[in-house]
Amino acid sequence: MEKNFIDQQKKRLLTEQTELKARLSRIAKKDPNVKGDYDAKFPSYAANEEVDRNYENALEVEDYTNAIGVENILELRLAAVERALERIEKGSYGTCSHCKKEQPQARLEADPAAERCLDCGKLV
Ligand SMILES: [Zn+2]
């Protein structure tokens, strides 16, 4: 794996990490007890006499459910990005975590956080 390529991938991963953290902090508060864990914020709408209370509750629940779904996706992606950054630090970046073969650059260009080569990715 060329150093230039790894440097470029590291930049992309760091940018993505920053973006993911910013998005997560907008929809979730960081759980102070668990490293890397975020809890979706439960939205609260100001009581409004015009708004039927049931409708308001339904809205809150729906937004909360959406936030949990999005939050999980962002959280998983952030974890994958951070594992990729760790692999760069350890010098194992680009090696398939399953068959230990070096992954083609095109695969890593498509997804800088890819842990497995395409063949092993299919096994999951
Ligand atoms: Zn593999």
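A few remarks follow.
- Selection of first residues in the stretch 78-104 that are free of Cβ contacts under 8 Å to residues at least 60 places away in the same chain and part of a loop (DSSP other than H, G, I, E, B) and of second residues that are among the aliphatic types (A, V, I, L, M) and surrounded by 14 or more Cβ atoms within 10 Å (Cβ to Cβ), restricted to Cβ pairs under 7 Å at least 6 apart or on distinct chains, gives the following pairs, ordered by first then second residue: Gln103/Ala114.
- Of all residues in the stretch 85-99, one or more are within 15 Å of the ligand (Cβ to nearest atom), in contact with a strand residue (DSSP E or B) (Cβ under 7 Å, 6 or more places away or on another chain), open to solvent by less than 70 Å² (accessible area, probe 1.4 Å) and more than 16 Å from Glu16 (Cβ to Cβ).
- Within the stretch 105-123, the residues that satisfy the criterion of being open to solvent by 40 Å² or more (accessible area, probe 1.4 Å), over 17 Å from Asp7 (Cβ atoms) and part of a helix (DSSP H, G or I) are Ala106, Arg107, Ala110, Leu118, Asp119.
- A search for C-beta distances below 8 Å between a residue of the stretch 112-124 that is touching a residue at least 60 places away in the same chain (Cβ under 8 Å) and more than 8 Å from the ligand (Cβ to nearest atom) and any residue that is open to solvent by 10 Å² or more (accessible area, probe 1.4 Å) and assigned to a helix (DSSP H, G or I), counting only pairs 6+ apart in sequence or on different chains, returns Pro112/Arg12; Pro112/Glu16; Ala113/Glu16; Ala113/Arg77; Ala113/Ala80; Ala113/Arg83.
- Filter result for Leu78 (hydrophobic (A, V, I, L, M, F, W, C) and within 16 Å of the ligand (Cβ to nearest atom)): no
- Identity of the residue in the stretch 1-35, surrounded by 11 or more Cβ atoms within 10 Å (Cβ to Cβ) and not in a helix (DSSP H, G or I), that ends up modelled with the highest pLDDT: Met1
The values are calculated or read from the model by the stated rules, or taken from the named source; none is laboratory data. Here the structure is a predicted model, which means the values were calculated and not measured. Note: ideal-geometry Cβ built from the backbone for every residue, glycine included; neighbour counts use all protein chains shown. Quick note on the areas: whole protein, heavy atoms, side chains included, nothing else; ligands and nucleic acids left out. Shrake-Rupley method; radii C 1.70, N 1.55, O 1.52, S 1.80 Å.
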